[in-house]
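To start, the structure itself, in structure tokens.
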Amino acid sequence: MQPQAQAPASDLACPVETTALVFRRETGFELRVAPITLAPGGSLAVRGPSGSGKSTLLGLLSGELLPLEGEVRAGGRLLSAMGDAARRAYRATRVGQVFQTFELVASLDVLENTLLPFRLHAALVLDDDARARARELLARVGLGDKTTRAIDRLSHGERQRVAIARALVTRPSLVLADEPTGNLDPALKREIAALLLEEAKGAGAALVVATHDESILGGFDRVLAIGGDA
Amino acid sequence: MIARHALFLAIRSLRHAWRRNALLALALGLALGVPLALTALLDRASVDMRTRAASAPLVLGARGSESDLVFGGLFFAATPPRGLVPQDLARVEGDALATAVPIALGATAGKAPVVGTSIDYFDRRSLRPAAGAMFATIGECVVGSDAARALALAPGARIFTDPASLSDLAGVFPLELTVSGVLPRTRSPDDGAIFVDLPTMWTIRGLGHRHDDPRDAAEPGALIGEDGPRAIAGEALRIERAATDGIAADFHFHGDTQAFPIDAALVYPIDAKAQAILLGRFTGKGETLHLVRPDLFIDRVLERIFGVGRILGGVAIAVAALVLLVAATTFALSIRLRADELALMERLGASRARVAAFLAAEAALVLAAASAVAAVVALTAPLLAPLVMRLTTGG
């Protein structure tokens, strides 16, 4: 781990850029990943079987985990050189996340869930602009008429649409999606994957999707296979 | 900003499981409120009882139960030992050491105790009817504020005394009373009582009545003989006991009213020395009367109640501690059940402090609601003080 604190912060041309990464858990699990570079609007599918380390890679890109070897730069800044608070701020303001189990808050309605990031970090200000963007995104993902609906009254597909709107509401430069179609019917998988690709691209965000689902790989700029076999 | 968002999320979260949280707040509120309520209630009841006890320096009655004498004579809630008569009052009033106010009990009207006394009773308490006037003739009564409310009595209203009394096996015949006035609220046993003068009380107890002169009576057999100026009445003579307007003057008593029963007398010595002399006067062997200091007696009673109250308070505090423990466990469990939600907040960039603020806001809101419940319980409890007084005095 190189102590490389100062970084060209103006280098926004590259939402995320890594050298070859090595990550190891105490359990003995080890992940090795080739260098990744993503341009704004670019997309990468990370493919591999369960337990191959796809989620771990996303964790390294979001700054939740730090690599044992190698570097992750976001907007030119070295994540490992940032403190915990700075990495949380980075995650809150520059990264949008979508999860397999949707991870919506049951006590909040559709619009409130979409705006949740603004209530979690001081660097994000919940203003009229944020609300307008949330409504616009919900309209774009087809939930314009369900903004006040309770989460438990939504279908799985609708829940993931809320999650996509939430991931994009902060205008992130990088969107990380961990098995975003894993809990969906086959017919919905491609629809949601396409929506994710389209919206991330439209928002100018780089998209990294971890999946073991071959059927959705078609629209991605690049596919990175991890976990040895493929 | 942090506080506003934490509060927003906390309110949403509490609202989502509102039944559980309302129950939690209620349980906590009661657990915290009950010990406070108990203390407040006992404090209020003891103040009221001490105030009442202090309103009469001494109580005179027939020998027997001291508690029946005090609880009867001052609280109208017990029947003092029988045996006191009006002429006994001369023994305390005789050499101007004190004045005495008679109290005659033994009847109720609409379940409220009817108290026979003199106008002095009200002068001593500076009590004037808030509506209407003081009783003036046989058959008139003034009513305490609570009794007036409970029995819907106003000046001019009429009420029959209750037909039977356990304390008088000879039977108490109903007498219709006319309400002349209603007393102001005093937070004392006066509020629940109906006051009449002694002759009315004796009438209720069957010692006074009115009837036509047997010689003028319409009923055949009303007059069974004449002894000079005296007429001998027969059983057929109609005896009227209702004190309707205009006939009060015809009421009369057969026998010496100085020997009629009263139950207690409130004794007001002119000074401390007079009080000491009077107390010494009723300690002799073979003495049939009893002069007691109600303040000392009530202090002893309250000591016992507070002993019980302290035990109850200890139990209540133990229960409160238990409920707090259960509430804390419930809260901890609810946090664990929402571990995913909290982890999500951190993954989306929330600091641990932000997540902690959210949980703290939730706990604070539940505690605030519980405190409100506790406050309501503790503040309304003293309203039960009259009940405690009644239970204590045996009414």
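The values are calculated or read from the model by the stated rules, or taken from the named source; none is laboratory data. Here the structure is a predicted model, which is why all the values come from computation and not from measurement. Neighbour counts run over all protein chains shown; Cβ positions are idealised from the backbone, glycine included. The protein model used for the area step is the full one, side chains on, heavy atoms only, and it has no ligands, DNA or RNA in it. Shrake-Rupley method; radii C 1.70, N 1.55, O 1.52, S 1.80 Å.
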* Asked: Mind checking which residues of the range B:277-319 are in contact with a helix residue (DSSP H, G or I) (Cβ under 8 Å, 6 or more places away or on another chain), within 26 Å of B:ALA96 (Cα to Cα) and open to solvent by 30 Å² or more (accessible area, probe 1.4 Å)?
  -> B:ARG281, B:HIS290, B:ARG293, B:ASP295
* **Residues located in the range A:75-96, provided they are touching a strand residue (DSSP E or B) at 6+ places or on another chain (Cβ under 7 Å), within 13 Å of chain B (Cβ to nearest Cβ) and open to solvent by less than 30 Å² (accessible area, probe 1.4 Å)** => A:TYR90, A:VAL95, A:GLY96
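Yes/no per residue for (1) out of contact with any strand residue (DSSP E or B) (no Cβ under 9 Å at 6 or more places or on another chain); (2) of a type in the set (D, E, K, R); (3) closer than 27 Å to A:GLU136 by Cα:
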| residue | (1), (2), (3) |
| --- | --- |
| A:LEU174 | no, no, yes |
| A:ASP185 | yes, yes, yes |
| A:LEU188 | yes, no, yes |
| A:ALA205 | no, no, yes |
| A:VAL209 | no, no, yes |
| A:HIS212 | no, no, no |
| A:ASP221 | no, yes, yes |
| A:GLY227 | no, no, no |
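For every residue, the table says whether it meets (1) in contact (Cβ under 8 Å) with a residue 24 or more places away in the chain; (2) assigned by TED's automatic domain parsing to the domain that holds B:ALA361; (3) open to solvent by less than 40 Å² (accessible area, probe 1.4 Å).
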{"site": "B:ILE11", "(1), (2), (3)": "yes, yes, no"}
{"site": "B:ALA17", "(1), (2), (3)": "yes, yes, yes"}
{"site": "B:ALA62", "(1), (2), (3)": "yes, no, yes"}
{"site": "B:VAL70", "(1), (2), (3)": "yes, no, yes"}
{"site": "B:GLY83", "(1), (2), (3)": "yes, no, no"}
{"site": "B:ALA100", "(1), (2), (3)": "yes, no, yes"}
{"site": "B:ILE103", "(1), (2), (3)": "yes, no, yes"}
{"site": "B:ALA107", "(1), (2), (3)": "yes, no, yes"}
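Kindly indicate whether B:LEU322 is open to solvent by 80 Å² or more (accessible area, probe 1.4 Å) and within 14 Å of chain A (Cβ to nearest Cβ). Explain how you work it out, then say what you get.
Values: open to solvent by 80 Å² or more (accessible area, probe 1.4 Å): yes; within 14 Å of chain A (Cβ to nearest Cβ): no.
Considered against the rule, which asks whether it is open to solvent by 80 Å² or more (accessible area, probe 1.4 Å) and within 14 Å of chain A (Cβ to nearest Cβ), B:LEU322 comes out as no.
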* To do: Look at the range A:15-26 and say how many of its residues are at pLDDT below 90 and either outside any loop (DSSP other than H, G, I, E, B) or within 26 Å of A:ALA194 (Cα to Cα) (or both).
  => 1
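Tell me whether the range B:328-344 contains one or more residues that are among the hydrophobic types (A, V, I, L, M, F, W, C), part of a helix (DSSP H, G or I), within 30 Å of B:ALA45 (Cα to Cα) and modelled with pLDDT of 85 or more. Even if it seems obvious, please write down each step before you answer.
Residues of the range B:328-344 that are among the hydrophobic types (A, V, I, L, M, F, W, C), as a first pass: B:328, B:331-333, B:335, B:337, B:339, B:342-344.
Retained after the next criterion (residues that are part of a helix (DSSP H, G or I)): B:328, B:331-333, B:335, B:337, B:339, B:342-344.
Retained after the next criterion (residues that are within 30 Å of B:ALA45 (Cα to Cα)): none.
Looking for residues that are among the hydrophobic types (A, V, I, L, M, F, W, C), part of a helix (DSSP H, G or I), within 30 Å of B:ALA45 (Cα to Cα) and modelled with pLDDT of 85 or more, one finds none in the range B:328-344, hence no.
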* Asked: Just a yes or no: is a residue in the range A:97-116 assigned to a loop (DSSP other than H, G, I, E, B), away from every other protein chain (no Cβ under 14 Å) and surrounded by fewer than 19 Cβ atoms within 10 Å (Cβ to Cβ)?
  -> no
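Can you tell me which residue among A:ALA163, A:ALA122, A:ALA130 is within 14 Å of another protein chain (Cβ to nearest Cβ), under 18 Å from the mean Cα position of the chain (by Cα), more than 23 Å from A:CYS14 (Cα to Cα) and not in a strand (DSSP E or B)? Spell out how you get there, then give the answer.
Numbers: A:ALA122 fails: under 18 Å from the mean Cα position of the chain (by Cα); A:ALA130 fails: under 18 Å from the mean Cα position of the chain (by Cα).
Among A:ALA163, A:ALA122, A:ALA130, only A:ALA163 is within 14 Å of another protein chain (Cβ to nearest Cβ), under 18 Å from the mean Cα position of the chain (by Cα), more than 23 Å from A:CYS14 (Cα to Cα) and not in a strand (DSSP E or B).
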* From the options A:LEU57, A:LEU66, residue that is away from chain B (no Cβ under 14 Å) and more than 15 Å from A:ALA206 (Cβ to Cβ) -> A:LEU66
* Only one of B:ASP191, B:ASP216 that is modelled with pLDDT of 90 or more and charged (D, E, K, R) -> B:ASP191
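How many of the residues in the range A:27-52 are open to solvent by less than 20 Å² (accessible area, probe 1.4 Å) and either at pLDDT 90 or above or out of contact with any strand residue (DSSP E or B) (no Cβ under 9 Å at 6 or more places or on another chain) (or both)? Talk me through it step by step, then tell me what you get.
Quick first cut of the range A:27-52, residues open to solvent by less than 20 Å² (accessible area, probe 1.4 Å) only: A:31, A:33, A:36, A:38, A:41-46, A:48, A:52.
Narrowing further to those that are either at pLDDT 90 or above or out of contact with any strand residue (DSSP E or B) (no Cβ under 9 Å at 6 or more places or on another chain) (or both): A:31, A:33, A:36, A:38, A:41-46.
Of the residues in the range A:27-52, 10 are open to solvent by less than 20 Å² (accessible area, probe 1.4 Å) and either at pLDDT 90 or above or out of contact with any strand residue (DSSP E or B) (no Cβ under 9 Å at 6 or more places or on another chain) (or both).
Is it the case that B:ARG91 is charged (D, E, K, R), away from every other protein chain (no Cβ under 14 Å) and open to solvent by 40 Å² or more (accessible area, probe 1.4 Å)?
On the way: charged (D, E, K, R): yes; away from every other protein chain (no Cβ under 14 Å): yes; open to solvent by 40 Å² or more (accessible area, probe 1.4 Å): yes.
Criteria met by B:ARG91.
Residue-by-condition table, conditions (1) within 14 Å of another protein chain (Cβ to nearest Cβ); (2) in a helix (DSSP H, G or I); (3) at pLDDT 90 or above:
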{"residue": "B:PHE8", "(1), (2), (3)": "yes, yes, yes"}
{"residue": "B:SER13", "(1), (2), (3)": "yes, yes, yes"}
{"residue": "B:LEU38", "(1), (2), (3)": "no, yes, no"}
{"residue": "B:MET49", "(1), (2), (3)": "no, yes, yes"}
{"residue": "B:VAL59", "(1), (2), (3)": "no, no, yes"}
{"residue": "B:VAL70", "(1), (2), (3)": "no, yes, yes"}
{"residue": "B:ALA78", "(1), (2), (3)": "no, no, no"}
{"residue": "B:ARG82", "(1), (2), (3)": "no, no, no"}
{"residue": "B:ALA96", "(1), (2), (3)": "no, no, no"}
* **Those residues of the range A:123-173 which are closer than 24 Å to B:ALA17 by Cα and among the acidic types (Asp, Glu), in sequence order** => A:ASP152, A:GLU158
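Looking at B:SER351, B:SER334, which is the one that is in contact with a Lys or Arg (Cβ under 7 Å, 6 or more places away or on another chain) and farther than 30 Å from B:GLY192 by Cα? If you could, list the steps in order and put the result at the bottom.
Values: B:SER334 fails: in contact with a Lys or Arg (Cβ under 7 Å, 6 or more places away or on another chain).
That would be B:SER351, the only listed residue that is in contact with a Lys or Arg (Cβ under 7 Å, 6 or more places away or on another chain) and farther than 30 Å from B:GLY192 by Cα.
Of the residues A:VAL209, A:VAL175, A:VAL223, which single one is under 26 Å from A:LEU126 (Cα atoms), in contact (Cβ under 8 Å) with a residue 24 or more places away in the chain, among the aliphatic types (A, V, I, L, M) and not in a helix (DSSP H, G or I)?
Working: A:VAL209 fails: under 26 Å from A:LEU126 (Cα atoms); A:VAL223 fails: under 26 Å from A:LEU126 (Cα atoms).
It is A:VAL175.
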* So B:ALA364 clears everything in (1) within 14 Å of another protein chain (Cβ to nearest Cβ); (2) surrounded by fewer than 17 Cβ atoms within 10 Å (Cβ to Cβ) except one condition, right? Which one? -> (1)
* **Test: B:LEU28 is open to solvent by less than 30 Å² (accessible area, probe 1.4 Å), under 30 Å from A:SER107 (Cβ atoms) and either out of contact with any Lys or Arg (no Cβ under 8 Å at 6 or more places or on another chain) or within 14 Å of chain A (Cβ to nearest Cβ) (or both)** => yes
* Determine if the range B:296-306 includes at least one residue that is in contact (Cβ under 8 Å) with a residue 12 or more places away in the chain and basic (Lys, Arg). => no
